[in-house]
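Some notes on the structure that comes next.
The values are calculated or read from the model by the stated rules, or taken from the named source; none is laboratory data. Because the structure is a prediction, the values reported are computed rather than measured. Neighbour counts are summed over all protein chains in view; Cβ atoms, including those assigned to glycine, are modelled from backbone coordinates with ideal geometry. Keep in mind that these areas ignore ligands, DNA and RNA; they rest on the heavy atoms of the full protein, side chains included. Shrake-Rupley method; radii C 1.70, N 1.55, O 1.52, S 1.80 Å.
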Amino acid sequence: MTAALPCSSFILSVSSPSVPDFSASPQPLLRQEWLAWATLALIVALGITLRLDQFIEQVLIEDEWHAIHRILSFSSAETFRTFGHSDHCIPLTLLYAWLADHGGLSETLMRAPMMVAGVLLLCLFPWYIARRLGWPTALLFALFLAISPLLISYSRMARPYGLTVFLGWLALALFLRYWTATTRRQVVLFGAGYVISSALTVWLHLIMAPFVAAPFIWGLWRLFKSADRNQRKTWFLRGTALAAGFAAVLAALIALPFINDLTSLSSKSGADLPTLETLNGALHFWTGCSQTWAVVICVALMALGVSSVCRLPIVQIGLFGIALTVAGILLTRPAWVFNPVTFVRYLLPLLPLLLLFLAAGCLKSGQYLKKKLSFLRWWAVVIIPLAAMILTSPLHQILRVPNSSSLGLFSLFDFRPEKNIVPKQMRGLLHPSPFWSQHAVWPVASKRISVAPFSFESDKWPAPVWEISSNQRVIPAFLNGFCNNDRLGELLDPSDRRFRFRNAVFLADVQMLRDRRVDWIVWRKDSPGQKAGWDTTDMAACETKWRTVFGAPDYEDDFLMAYQVKNL
């Protein structure tokens, strides 16, 4: 990440143009525009590199399994018309089911839509800002987007949040282009674009409905503010047509689940509320900082940048949409929203806006200090929040090598080390078998160790601790088809070719162990206290099956037994 620091001197060496009017027509670009594009390309390359780090090595974990459980138990037709008990995402689950039936589904394919959205956000959002606020703000904005731990994590996760933040802001931009369109072709193109992107955003995550609907209220305000009768008539007709199109498409997508399965939603509502502690944790997530002093610096600069940015209509609409979303959260009181990680998921569209405020605040404070202290370089202000974000970034933990479970709660429950109870729970429950430290003598990530029993609930899957101890990669070994038949968090049948998971193996298929280059398989002699509530696996019977099938272990202690695959 430090490689991006030299960019700041170029970013701030150019004066920032003034904010344009609501039509948002492009501003004249820099004489050396090619240098701005080259700098943006470097920043985008940095962001993509961070997002792709160990991307294909990630174990499917936590809520990513909801879609798989749904595919294994229900048809696509049933998925389309129900919300389900678990928080599976209907459109993503339908996509996964189709991919599974047409070539096979892997962990990488499941996460690909969010990765594409994350890269597009990194490329298109700064370009959009460059045409309205100038390249200096846009390039700083791009840099903060590139290193945001939250955006990096949700670009890699098989959950809809990274996709909705991109589509939600795209919908607002398309609405504004539709509102000011001058030709029939533009009206059709941008109107259809808004309807598709906004309806898909809500279908992906219902909490996004207030955010993508906010432009209509902004449009009404513009309508009543205008003194031009013809313009008011045009805007009224356009707004009505667009609202009707949005409502029709959205109804086609979500009417059946609401009719057939409203109880699934109501059962998750009226439960919890965010607190001041929730907001405190959310600020650490949004700034990407694990220390309070760094958060204070970033929030102060964000506050300075608000006035420079808020004249943009898309920012005004976005802020109003966030306010409506917060109101919706307070009214519906969704379950677990008091957890900062849940709260920031629901308000993820706010994150790019805050990073834009931060970029504008850096420029504004730099310009002010330059006037007061002529000897001070403008980019000196940028170094302060950037250094704070880098020095206290949880990316050091998330992107360590090896880390095959970077999307679990070990890294993402809370960015504040003192508040993240998951690592403490793991280390408290984990028995210190010497097996793991013995593998640390080998080159880093040179071996794959497959462990059973696996738990898709990451607070019960201490693989991050094992990987830290051994410096080797750890993946699940599925018991289904070996000594169990229907464990949650596992594929059911090793012969089911719909699924081509790379980062898990079936114990029932020894050839698969060799094909996936697994070096060791390990059986955990877990105490009952470590088992998940849904797990009814007969541990004693499974251990007996291991000994019967694989023979005497190559390594055994009081905590585990292990077999070298080459000896099987």
**Request:** Give me the net charge of Cys89's neighbourhood, meaning all other residues with Cβ under 10 Å from the Cβ of Cys89; Lys, Arg count +1, Asp, Glu -1.
**Result:** 0
**Message:** Could you report segment 342-482's accessible area per residue, 1.4 Å probe, as an integer in Å²?
**Reply:** 36
**Asked** aspartates and glutamates within cross-link reach of Lys460: Cα-Cα under 13 Å, excluding same-chain residues under 8 positions apart?
**Response** Glu62, Asp526, Asp535
**Asked** Ignoring ligands, DNA and RNA, what accessible area per residue does segment 66-206 give at 1.4 Å, in Å²?
**Response** 31
**Prompt:** If the viscosity is 1.002 mPa s and the temperature 20 °C, what Stokes-Einstein diffusion coefficient in µm²/s follows for segment 336-457 when Rh is the Kirkwood radius over Cα pairs?
**Reply:** 115
**Request:** Could you run the Debye sum over the Cα atoms of the chain, one equal point scatterer each and no solvent, and tell me log10 of I(q)/I(0) at q = 0.06 Å⁻¹, two decimals?
**Result:** -0.34
**Prompt:** With the contact rule set at Cα under 8 Å and sequence spacing of 6 or more, what percent relative contact order holds for segment 272-425?
**Reply:** 36
**Request:** Mind ranking His85, His396, His205, His439 by accessible surface for me, highest first, 1.4 Å probe?
**Result:** His85, His396, His205, His439
**Request:** Could you list the square roots of 5 times each eigenvalue of the Cα gyration tensor of segment 426-496, that is, the equivalent ellipsoid semi-axes, sorted largest first and rounded to whole Å?
**Result:** 25, 15, 9
**Complete:** From highest to lowest solvent-accessible area (probe 1.4 Å; ligands, DNA and RNA excluded), Lys424, Lys364, Lys566 read Lys566, Lys424, Lys364
**Message:** With the cut-off at 1.5 for a/c, could you classify segment 114-224 from its C-alpha gyration tensor as rounded, prolate or oblate?
**Reply:** oblate
**Complete:** Shape descriptor, segment 28-187: equivalent ellipsoid semi-axes (Cα gyration tensor, sqrt 5λ, whole Å, largest first) stand at 34, 21, 12
**Message:** Could you work out [θ]222 nm for the chain from helices alone, using -39500 (n - 2.57) per DSSP H run of at least four and dividing by all its residues? Round to the nearest 500 deg cm²/dmol.
**Reply:** -19000 deg cm²/dmol
**Fill in**
Expressed in square angstrom to the nearest 10, the accessible area of Thr548 with a 1.4 Å probe stands at 110
**Complete:** Shape call for segment 301-378, from the Cα gyration tensor axes a ≥ b ≥ c (a/c under 1.5 means rounded, otherwise prolate when a/b beats b/c, else oblate), comes out prolate
**Asked** What is the gain in length, in nm to one decimal, between Leu52 and Ile384 on full extension, counting 0.36 nm per residue of separation less the C-alpha to C-alpha distance?
**Response** 116.8 nm
**Request:** Over 28 Å between C-alpha atoms is what I'm after, so list which of Lys545/Lys566; Lys364/Lys419; Lys447/Lys525; Lys370/Lys419; Lys225/Lys370 land there.
**Result:** Lys364/Lys419; Lys370/Lys419; Lys225/Lys370
**Request:** At a 1.4 Å probe radius, which order do Asp228, Asp519, Asp414 fall into by accessible area, largest first?
**Result:** Asp228, Asp519, Asp414
**Message:** Quick check: the angle from helix 209-225's long axis to the longest principal axis of the chain, C-alpha only, nearest 10 degrees?
**Reply:** 0
**Prompt:** In degrees, nearest 10, range 0 to 90: what is the angle between the Cα axis of helix 33-52 and the longest Cα principal axis of the chain?
**Reply:** 30
**Message:** Based on the alpha-carbon set only, what is the convex hull volume of segment 257-401 divided per residue, in Å³?
**Reply:** 146
**Complete:** With Thr201 itself left out, Lys, Arg at +1 and Asp, Glu at -1 over residues whose Cβ is under 15 Å from its Cβ give +2
**Message:** Solvent-accessible area of Glu556, probe 1.4 Å, all protein chains present, reported in Å² to the nearest ten, please.
**Reply:** 80
**Complete:** Helix 184-204: inclination vs the chain longest Cα principal axis, degrees, rounded to 10, gives 40
**Asked** From the Cα gyration tensor of segment 386-470, with a ≥ b ≥ c the square roots of its eigenvalues, which class applies: rounded if a/c is under 1.5, or else prolate if a/b is larger than b/c, or else oblate?
**Response** oblate
**Fill in**
For the chain, the percent of accessible surface on carbon and sulfur atoms (probe 1.4 angstrom, ligands and nucleic acids excluded) is 63
**For Asp509, solvent-accessible area (1.4 Å; no DNA, RNA or ligand), Å²** = 40
